[in-house]
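Heads up: the structure comes next, in structure tokens.
The values are calculated or read from the model by the stated rules, or taken from the named source; none is laboratory data. Note that the coordinates shown come from a computational prediction; the quantities given were computed from them, not determined experimentally. So basically every Cβ, Gly included, is an ideal-geometry build from the backbone, and we count neighbours across all protein chains shown. Surface accessibility is based on the protein's heavy atoms, side chains included, excluding ligands, DNA and RNA. Shrake-Rupley method; radii C 1.70, N 1.55, O 1.52, S 1.80 Å.
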Amino acid sequence: MMLKVAVQMDPIASINPAGDSTFAMMLEAQARGHQLGYYTTGSLGLRDNVLTASVQPVEVFDKPRGEHFRLGEAARQNLADYDVVLMRQDPPFDMSYITITHLLERIHPRTYVVNPPFTVRNAPEKILVTEFPQLMPPTLITRDRALIQAFRKEHGNIIVKPLYGNGGAGVFFIEEGSHNLVSLLELFEQAFREPFMVQRYLPEVRKGDKRIIIVDGEPVGAINRVPSEGEARSNMHVGGRPELSDLTAREREICAIIGHKLKELDMIFVGIDVIGDYLTEINVTSPTGIREIKRFGGPDIAPLIWDAIERRRA
């Protein structure tokens, strides 16, 4: 099977090929003989209900940044002429992101978009997870200061973060007794129109925040991200130390419970975050982690993703 694949992503020159999941997916697609094209969201255009983009043929190479790709000449292409579009631009999940999902709906599922734009738009990562309250730590979504202060009084140490943030940006650890909560809420109120997410701080995070990759509803690999000294966040780009990790019985239980929902939503590639015994996020927009899992001796997940895509195109 040879598929015509368009990859919608951030500028390819700016990515780190050593750790980029989109790049891993492109390498695997190329190895399977699929025809790859590349474009960024700024080139999308909808006219007379025809969705086009300025697409460049692309070759990828498993080499250091700067040597990892070669582009051909750009040409405006009808995206309905492709078999698959990988929707892999990074969040934030803002009105631009939402608008792009609406545009891609014009071609899906005839052109299969991964993950499907309708379900991505209707499953914001920090809200989708609230469908599973039995799996989560105590969590509050609100802008109401009185509710947040009461939550903090009940739980002591808390985490406050923007509802549509990503990559650990804007995540604050507020200790019991700290006088900074009101000042932080003032900043959030100025910066964000949406409610905020507040969660009970989980001290188990010192042992790691585990990213588990789920492909077609099944867990296929995991990496534990241990925060650096003096840091509450475990994201690797802020100094978290990755280490390969097997799944515990509790983590397998979590995956079994949410896997059915992810299959129902037709989500092929999902990354969930687990701290201790608790599910904290379900990442569906542009999940990461597959390069790190392979580099640390785990399975090669990109082939599993393409197996699932090809089953839908067969």
Note to self: On a straight-distance basis, which lysines could pair with K263 in a cross-link, Cα separation under 20 angstrom, same-chain partners fewer than 8 positions away excluded?
What the structure shows: K126
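Report the full-extension gain for the segment H102 to T142: residue separation times 0.36 nm, less the Cα-Cα distance, to one decimal in nm.
Additional length available on full extension: 11.7 nm.
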Check: What GluC sites (Glu not before Pro) does region 42-101 have in DSSP loop regions with at most 10 other beta carbons within 10 Å?
Finding: E67, E73
Item checked: Listed residues G177, F23, I275: farthest to the positive end of the dipole of the chain (Cβ charges) -> F23
Check: Under the rule of -39500 (n - 2.57) per DSSP H run of 4 or more residues, summed and divided by the residues of the chain, what mean residue ellipticity at 222 nm is obtained, to the nearest 500 deg cm²/dmol?
Finding: -8000 deg cm²/dmol
Notebook entry, point to check: Want the number for T248 to A169: 0.36 nm per residue separation, take away the alpha-carbon distance, what's left?
Noted result: 25.6 nm
Checklist line | Tilt relative to the chain, helix 95-104 - C-alpha long axis, 0 to 90 degrees, to 10 | finding: 40
Next item on the list: May I ask you to give the solvent-accessible area per residue for region 1-119, in square angstrom, as obtained with a 1.4 angstrom probe?
Entry: 45
Check: Taking the Cβ-Cβ separation of K207 and E131 as r and a Förster radius of 25 Å, what is the calculated FRET efficiency to the nearest 0.05?
Finding: 0.40
Check: Which value, in Å², gives the accessible area per residue of region 160-314 when a 1.4 Å probe is used on the protein heavy atoms?
Finding: 45
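Per 0.36 nm of contour for each residue apart, how much would the distance between Q190 and E176 grow if the chain were fully extended, relative to their Cα-Cα spacing? Working shown, then result.
Details: separation 14, 0.36 × 14 = 5.04 nm, distance 2.39 nm.
So the chain would gain 2.7 nm between Q190 and E176.
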Check: Quick one: helix 21-31 against the long Cα principal axis of the chain, what's the angle to the nearest 10°, folded into 0 to 90?
Finding: 20
Notebook entry, point to check: Considering only DSSP states other than H, G, I, E and B, which chymotrypsin sites (Phe, Trp or Tyr not before Pro) in region 237-314 qualify as loop sites with at most 14 other Cβ atoms within 10 Å?
Noted result: F296
Next item on the list: Round to the nearest 10 and give me the degree value, 0 to 90, for the angle of helix 145-155's Cα axis relative to the longest principal axis of the chain.
Entry: 70
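What does the charge dipole of the chain about its Cα centre add up to, to the nearest 20 debye, if the Cβ of each Lys and Arg holds +1 and the Cβ of each Asp and Glu holds -1?
Rounded to the nearest 20 debye, it is 240 debye.
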Next item on the list: Give the carbon-plus-sulfur fraction of the accessible surface of the chain in %, rounded to a whole number; probe 1.4 Å, heavy atoms of protein chains only.
Entry: 49
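Classify region 237-314 from the C-alpha gyration tensor, please: rounded if a/c falls under 1.5, else prolate or oblate depending on whether a/b exceeds b/c.
oblate
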Margin query: Rounded to the nearest 5, what % of DSSP beta bridges with both residues in region 1-59 are antiparallel?
Written below: 50
Notebook entry, point to check: By DSSP, what percent of the beta bridges with both residues in the chain are antiparallel, rounded to the nearest 5?
Noted result: 80
